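What follows is one structure encoded as structure tokens, with my remarks underneath.
The values are calculated or read from the model by the stated rules, or taken from the named source; none is laboratory data. Nothing here was measured: the structure is a model prediction, and the numbers come from that model. All Cβ positions, even for glycine, are placed from backbone atoms using ideal geometry, and neighbour counts span all protein chains on display.
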Amino acid sequence: MKVLLVCSSGGHFKALQQLMPFWSQHDRRWVTFDTATTAAYCEESKESVIWAHSPTNRNIPNLLRNLVLSVQVLREYRPDVIMTTGAGVAVPFLILGKLFGCQTVFVESVTRVTSLSLSARLVLPFLSVLYVHWQQLVTLYPKAELIMSPETP
């Protein structure tokens, strides 16, 4: 299975790394921002990476650049699954991924207890699966599935 891992370079990157038991079993590529942390990790672990355009918050030119990038990556790589832990960079990949026939998986942050993040709300109609860590979110968003993680009290 081909998995495309899409995230920003901070906490979302670290959260996606924690899901290694799933994605390490598959052919995969990362889409993230070129920072010292992500570059060092991808180089050291020999991960295939595509550098996205940042910043994405309130930055329309980079949103458009990442939209073009998402089309290029989806056409070339043809992933079976797109997985993210959030961030604006994931939005065009998830929307177009669903249109390309990919399974789209969003793992919401454990810190989101009473509402979904903006990126999750934007892509909710395009998700195959939305995983959350809190029952309150399952009640608010019936499409969500409750998962347990090491961070969940």
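The figures follow:
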| item | result |
| --- | --- |
| Residues of the stretch 5-35 satisfying the condition of being at pLDDT 95 or above and assigned to a helix (DSSP H, G or I) | none |
| VAL113 vs. criteria in a helix (DSSP H, G or I) and more than 18 Å from LEU19 (Cα to Cα) | no |
| Hits in the stretch 75-101 (condition: in a loop (DSSP other than H, G, I, E, B), crowded, with 24+ Cβ neighbours inside 10 Å and on the phi < 0 side of the Ramachandran plot) | PRO79, THR85, VAL89 |
| Matching option when the condition is out of contact with any Lys or Arg (no Cβ under 8 Å at 6 or more places or on another chain) and touching a residue at least 12 places away in the same chain (Cβ under 8 Å), among GLY97, GLY101 | GLY97 |
| Residue count, the stretch 37-65 (criterion: in contact (Cβ under 8 Å) with a residue 24 or more places away in the chain, assigned to a helix (DSSP H, G or I) and either surrounded by fewer than 16 Cβ atoms within 10 Å (Cβ to Cβ) or of a type in the set (Val, Ile, Thr) (or both)) | 2 |
